[in-house]
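Notes follow once the structure below has been shown.
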Amino acid sequence: MFVENGNLEKAKTLLRQFHIKVTLVRLVILHILQSAEKEWTVTEIIACVDLKLIKISIASVYKTLMLFEKVGIVYKSRIQIPSATHLYLVEKV
């Protein structure tokens, strides 16, 4: 997941900067979103999670993304594609 300890610390610092409680689910979602320069759907995010290591629900992903969007970590793209209603991108903060 977090190959370098520095990435983990940066993610924790970012969450704390926005007064967001640091949880494993939030760290995993943030890492996935930051790992590529592309839009992510909720389905793609869940597919990236190793479900043997962490249990994550669709509701948890949506709640986390809504929280990240509220504080400006991500933004929601309104592009309609067949497999998803919204795409999420990380804001460069």
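A few remarks follow.
- Radius 10 Å from Cβ of VAL22, net charge of other residues (Lys, Arg +1; Asp, Glu -1): +4
- Prolate/oblate/rounded call for segment 4-79, Cα gyration tensor, a/c under 1.5 rounded: rounded
- Among the chymotrypsin sites (Phe, Trp or Tyr not before Pro) within segment 11-80, those in coil by DSSP and having at most 14 neighbouring Cβ atoms inside 10 Å are PHE18.
Each reported figure results from applying straightforward, stated rules to the coordinates on display, with no laboratory input. The structure presented is a predicted model; accordingly, all values stated were derived computationally and were not measured. Every residue, glycine among them, receives a Cβ derived from its backbone with ideal geometry; neighbour counts consider all protein chains shown.
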